[in-house]
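Student: Handing you this structure, nothing more for now.
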Amino acid sequence: MWRLHLTRCLALIFCSGFIGVQDAAAYPQFIAKGYTNCASCHYAPDGGAMANAYGVATQQAFLPDAIEVEFLEELRETMAKNLVTGYDDDDNAAFQWDVGLDTRLLFLMASADVGSNSDFIVIPMLIEPQLVLAYGPVTAYGSISSRKAGATRSEMTAFSRHHWLQYRVSDELSLRAGRMTQPFGIRHADHTVYTRRDLDFDKYDQTYGVQVDWNTEDWSVAAMGFAGNYLVGDPKVQERGLSATVAYQWTGRAALGLSFLGGMSELSQRLAVGVFTRAKLYGHSYVMAEFDTQFRKSVEGEASQMDMMGILRLGWYPWEWLDVYSETGLKMVPGSSELTRISTIIGTAWKILPWMEVGPYLRILHSSDGGTQFQVIDQIHIVY
């Protein structure tokens, strides 16, 4: 145990001298720590985006920095996060701002079959500066990242995944307009859950729209009228429609939700419904589950398809900074067994610093057309 703490202290000294930040984003598995509503810790009312003032304080409480070195103390003060509420200490409207950074690196060792040769791959999944501005009830949020573009998908271009303007009617009710992620199901990390990809909610699949968010102690409601993802792809196939999620929350214990989406483009129509739950079990153990089904039909002709997908995750926090979990995801198309896919993950998420997490895991992916793949993966997630 003393070696573990010594390693953590040395890492803290090294990384504080390199970056000097003390913030991190929360994850839906924080239900194990009693966080029922994602809006508690994030600027976005339905989760994601930069951590707000409460989220910053929470992370620092989980992993307090007790090293008393003058240089580090000055560096922490210089790099400290701004508290952006739009109001000063006297409750008067005030201009406030803060910047952030979300970086995810993926280290992958993959093989098609047991005993076959494996390849080691390093993938910079996301490097995204972020900015939040507020004055009174108005908040503006934006981010810049990069992605491959062009016919050969080899050119890197600047790209904004999220940018929106929010007006807070009250502490519980707000209205947003801009480019956002659909309010559907559990907001998992984009790169670990196939369920969200099957529903077209992958890392770059945000949409323009107007969203209403209402959060109380017992209820969380998010509803969006969306107009499509016009920064990526052909506008002729962009989807327009309505999506919403309603969840009832047992404070500090569990959340149970229902999601709906109806959309159409010039090529197809789509209807999707889903149910999900996040619940704290015994001690610091938890369960997260989601089951969704969607029906697509082409506008011209009779072609249609129904997809069913789900995910079950069981996890345990032996310490505040370590998540040990097992996660299984399933996609199936009734009547078409060759399109069935099962993904199983066994891994950990180790928060070595308030703003840095290391997440090694083993993924076993089985599909009828691709066979069974074994992937040893490690992620490094840095959030300022």
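Student: Could you check region 246-285 and list, in sequence order, the residues that are without any contact (Cβ under 8 Å) to a residue 40 or more places away in the chain, farther than 26 Å from PRO318 by Cβ and among the polar types (S, T, N, Q)?
Tutor: Scanning region 246-285 gives SER265, SER268, GLN269.
Student: Could you tell me whether any residue of region 204-214 is farther than 29 Å from GLY310 by Cβ, modelled with pLDDT of 80 or more and over 21 Å from the mean Cα position of the chain (by Cα)? Spell out the reasoning first.
Tutor: Looking only at region 204-214, we keep the residues that are farther than 29 Å from GLY310 by Cβ, and these are 210.
Now drop any that are not modelled with pLDDT of 80 or more, which leaves 210.
From what is left, the residues that are over 21 Å from the mean Cα position of the chain (by Cα) are none.
No: region 204-214 contains no residue that is farther than 29 Å from GLY310 by Cβ, modelled with pLDDT of 80 or more and over 21 Å from the mean Cα position of the chain (by Cα).
Student: So THR277 ticks every box in (1) open to solvent by 30 Å² or more (accessible area, probe 1.4 Å); (2) at pLDDT 90 or above; (3) touching a Phe, Trp or Tyr at 6+ places or on another chain (Cβ under 7 Å) but one. Which box is left unticked?
Tutor: The single condition THR277 does not satisfy is (3).
Student: Here's a follow-up. Any residue at all in region 56-63 that's in a loop (DSSP other than H, G, I, E, B), at pLDDT 75 or above, under 18 Å from HIS381 (Cβ atoms) and aliphatic (A, V, I, L, M)? Walk me through how you get there before you give the answer.
Tutor: Taking region 56-63 and keeping what is in a loop (DSSP other than H, G, I, E, B), we get 63.
Narrowing further to those that are at pLDDT 75 or above: none.
Checking region 56-63: not a single residue is in a loop (DSSP other than H, G, I, E, B), at pLDDT 75 or above, under 18 Å from HIS381 (Cβ atoms) and aliphatic (A, V, I, L, M).
Student: Further question: I'd like the full set of residues that are among the aliphatic types (A, V, I, L, M) and in a loop (DSSP other than H, G, I, E, B), limited to region 67-101. Steps first, answer last, please.
Tutor: So in region 67-101, the residues among the aliphatic types (A, V, I, L, M) come out as 67, 69, 72, 75, 79-80, 83-84, 93-94, 99, 101.
Within region 67-101, ILE67, VAL69, MET79, ALA80, LEU83, VAL84, ALA94 qualify.
Student: If you check TRP321 against the conditions, is it surrounded by 15 or more Cβ atoms within 10 Å (Cβ to Cβ), modelled with pLDDT under 85 and of a type outside the set (Gly, Ala, Ser)? Lay out the reasoning, then the answer.
Tutor: Working: surrounded by 15 or more Cβ atoms within 10 Å (Cβ to Cβ): yes; modelled with pLDDT under 85: no; of a type outside the set (Gly, Ala, Ser): yes.
So TRP321 does not fit the description; no.
Student: Only one of these is touching a Gly at 6+ places or on another chain (Cβ under 7 Å), open to solvent by 60 Å² or more (accessible area, probe 1.4 Å) and at pLDDT below 95: ARG240, ARG253. Name it. Can you show your working first?
Tutor: Values: ARG253 fails: touching a Gly at 6+ places or on another chain (Cβ under 7 Å).
Of ARG240, ARG253, the one residue that is touching a Gly at 6+ places or on another chain (Cβ under 7 Å), open to solvent by 60 Å² or more (accessible area, probe 1.4 Å) and at pLDDT below 95 is ARG240.
Student: How about region 293-307: which of its residues are surrounded by 15 or more Cβ atoms within 10 Å (Cβ to Cβ) and under 14 Å from LEU261 (Cβ atoms)? Walk me through how you get there before you give the answer.
Tutor: Restricting attention to region 293-307, the residues satisfying the condition of being surrounded by 15 or more Cβ atoms within 10 Å (Cβ to Cβ) are 293-294, 296-297, 305-307.
Of everything in region 293-307, those that are surrounded by 15 or more Cβ atoms within 10 Å (Cβ to Cβ) and under 14 Å from LEU261 (Cβ atoms) turn out to be THR293, GLN294, ARG296, ASP307.
Student: Another one. Restrict the check to region 355-362 and report whether at least one residue is under 23 Å from ILE123 (Cα atoms) and open to solvent by 40 Å² or more (accessible area, probe 1.4 Å).
Tutor: Taking region 355-362 as the starting set, the residues that turn out to be under 23 Å from ILE123 (Cα atoms) are 355-362.
Filter once more, keeping what is open to solvent by 40 Å² or more (accessible area, probe 1.4 Å): 360, 362.
Yes, region 355-362 contains a residue that is under 23 Å from ILE123 (Cα atoms) and open to solvent by 40 Å² or more (accessible area, probe 1.4 Å).
Student: Among the residues of region 119-154, which ones are surrounded by 14 or more Cβ atoms within 10 Å (Cβ to Cβ) and modelled with pLDDT under 80?
Tutor: Hits for region 119-154 are ARG147, ALA149.
The values are calculated or read from the model by the stated rules, or taken from the named source; none is laboratory data. All figures in this text were calculated on a predicted structure; none of them were measured in a lab. Here the Cβ is made from the backbone with ideal geometry for all residues, glycine too, and neighbour counts use every protein chain on show. In case anyone asks, the SASA skips ligands and DNA or RNA and just uses the protein heavy atoms, side chains included. Shrake-Rupley method; radii C 1.70, N 1.55, O 1.52, S 1.80 Å.
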